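Enquirer: Following this message is one structure expressed as structure tokens.
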């Protein structure tokens, strides 16, 4: 039995039975929705899935002609996709509390991957869906950007922003809060000064969630589609931008993997970026 939950705990579920696959997806829709470099999906028979308790906070957004995205309306965590047509429960691996007992088998949609992310493992790579999936791809037109301006948006396009200042730093974070908040293997956050950040569209559509027992940690997401968007603190003069939400390049390379002491059991870090069990030492 494998337990899963969203960041705030309003949505909880259990998956009974063996997982049949785990896949890293680099498509632009997954990157947008999770705000991460890629999404990791753990796949199991639908017959073994069950919700535990209330599901009143579950929301759905129709992301394409045949696709939809589920998320928690309170904290923005991505929720499992339950596909009755193929009899599968497709769960965001970042929200699994327990080790699912399976490891990633492939990367898909690598033709759409973020330019700033490098795949360093030896897993098979597919430009779109693997042939054995028997599924057509759903192309998504790239968002137009203004040269010289850092811009980003949510999946549905209701929320958009731009940044006029240079990035301060970029981290890959493996802490359990980021994994649950972004529903991903790890998050990728770019830090900018808040004074250079502005919403260009949909500021009133941004939902913020503050984790009760945390000093600063929280999430921000689009109310309509659930996509992760920047968290802005005027008091601390910082804008924390989920790199997957960017439409332009971040202008900086990842400086470190942080909180690797909390990384998912199925995560294998193969790059040469420095690693820290928690935060890197202050300079």
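Enquirer: Under the condition of being in a helix (DSSP H, G or I) and touching a residue at least 40 places away in the same chain (Cβ under 8 Å), which residue from the range 194-217 is surrounded by the most Cβ atoms within 10 Å (Cβ to Cβ)? Don't jump to the end; show me each part of the working.
Expert: If we filter the range 194-217 for residues that are in a helix (DSSP H, G or I), which is where we start, we get 194-196, 203-205.
With touching a residue at least 40 places away in the same chain (Cβ under 8 Å) added as a condition, the list becomes 194-196, 203, 205.
Numbers: 194: 20, 195: 12, 196: 15, 203: 13, 205: 17.
Among those residues, the one meeting the criterion is 194.
Enquirer: Just to be sure before I move on: is residue 89 more than 16 Å from the chain's Cα centre (by Cα) and not in a loop (DSSP other than H, G, I, E, B) in the structure I sent? Step through it out loud before you land on a result.
Expert: Values: more than 16 Å from the chain's Cα centre (by Cα): yes; not in a loop (DSSP other than H, G, I, E, B): yes.
When the stated conditions are applied, residue 89 passes them.
Enquirer: If you check residue 1 against the conditions, is it over 17 Å from the mean Cα position of the chain (by Cα), at pLDDT below 95 and within 17 Å of residue 93 (Cα to Cα)?
Expert: Values: over 17 Å from the mean Cα position of the chain (by Cα): yes; at pLDDT below 95: yes; within 17 Å of residue 93 (Cα to Cα): yes.
In short, yes.
Enquirer: Looking for whichever is in a loop (DSSP other than H, G, I, E, B) and either surrounded by 22 or more Cβ atoms within 10 Å (Cβ to Cβ) or touching a helix residue (DSSP H, G or I) at 6+ places or on another chain (Cβ under 9 Å) (or both) here; the options are 185, 249. Which one fits? I'd like the intermediate steps shown before the answer.
Expert: Values: 249 fails: either surrounded by 22 or more Cβ atoms within 10 Å (Cβ to Cβ) or touching a helix residue (DSSP H, G or I) at 6+ places or on another chain (Cβ under 9 Å) (or both).
From the options 185, 249, the qualifying one is 185.
Enquirer: On to the next question. Hey, any hits in the range 199-216 for a residue that's in contact with a helix residue (DSSP H, G or I) (Cβ under 8 Å, 6 or more places away or on another chain) and not assigned by TED's automatic domain parsing to the domain that holds residue 7? Don't jump to the end; show me each part of the working.
Expert: We begin by selecting, within the range 199-216, every residue in contact with a helix residue (DSSP H, G or I) (Cβ under 8 Å, 6 or more places away or on another chain); these are 211, 214.
After this cut, where a residue has to be not assigned by TED's automatic domain parsing to the domain that holds residue 7 as well, the list is 211, 214.
Yes, because at least one residue in the range 199-216 is in contact with a helix residue (DSSP H, G or I) (Cβ under 8 Å, 6 or more places away or on another chain) and not assigned by TED's automatic domain parsing to the domain that holds residue 7.
Enquirer: Okay, moving on. Just to be sure before I move on: is residue 97 assigned by TED's automatic domain parsing to the domain that holds residue 8, under 15 Å from residue 179 (Cβ atoms) and out of contact with any helix residue (DSSP H, G or I) (no Cβ under 8 Å at 6 or more places or on another chain) in the structure I sent? Step through it out loud before you land on a result.
Expert: On the way: assigned by TED's automatic domain parsing to the domain that holds residue 8: yes; under 15 Å from residue 179 (Cβ atoms): yes; out of contact with any helix residue (DSSP H, G or I) (no Cβ under 8 Å at 6 or more places or on another chain): yes.
Here the answer is yes, as residue 97 does meet what is asked.
Enquirer: For residues that are in a strand (DSSP E or B) and free of Cβ contacts under 8 Å to residues at least 40 places away in the same chain, scanning just the range 18-68, find the one that is surrounded by the most Cβ atoms within 10 Å (Cβ to Cβ).
Expert: Just the residues of the range 18-68 that are in a strand (DSSP E or B), to begin with: 21-25, 39-45, 49-51, 58-61.
Filter once more, keeping what is free of Cβ contacts under 8 Å to residues at least 40 places away in the same chain: 50, 60.
Numbers: 50: 11, 60: 13.
Residue satisfying both the conditions and the ranking: 60.
Enquirer: Which of the residues belonging to the range 4-17 are under 15 Å from residue 102 (Cβ atoms) and in contact with a strand residue (DSSP E or B) (Cβ under 7 Å, 6 or more places away or on another chain)?
Expert: The first filter runs over the range 4-17 and keeps only residues under 15 Å from residue 102 (Cβ atoms), leaving 4, 15-17.
Those that are under 15 Å from residue 102 (Cβ atoms) and in contact with a strand residue (DSSP E or B) (Cβ under 7 Å, 6 or more places away or on another chain): 4, 15, 17.
Enquirer: Can you work out which of the residues in the range 232-246 that are at pLDDT 95 or above and out of contact with any helix residue (DSSP H, G or I) (no Cβ under 8 Å at 6 or more places or on another chain) is farthest from residue 39 (Cα to Cα)?
Expert: If we take residues in the range 232-246 being at pLDDT 95 or above and out of contact with any helix residue (DSSP H, G or I) (no Cβ under 8 Å at 6 or more places or on another chain), then 240 is farthest from residue 39 (Cα to Cα).
Enquirer: So residue 234 clears everything in (1) within 25 Å of residue 68 (Cα to Cα); (2) loosely packed, with under 14 Cβ neighbours inside 10 Å except one condition, right? Which one?
Expert: Every condition holds for residue 234 apart from (1).
Enquirer: Continuing with this model, one more query. Just one of the numbered conditions (1) modelled with pLDDT of 95 or more; (2) more than 20 Å from residue 219 (Cα to Cα); (3) touching a strand residue (DSSP E or B) at 6+ places or on another chain (Cβ under 8 Å) is not true of residue 57; which one?
Expert: (2)
The values are calculated or read from the model by the stated rules, or taken from the named source; none is laboratory data. Remember, it's a predicted structure, so these values are computed and weren't measured experimentally. FYI the Cβ positions are ideal-geometry reconstructions off the backbone, even for glycines, and counts take in every protein chain you see.
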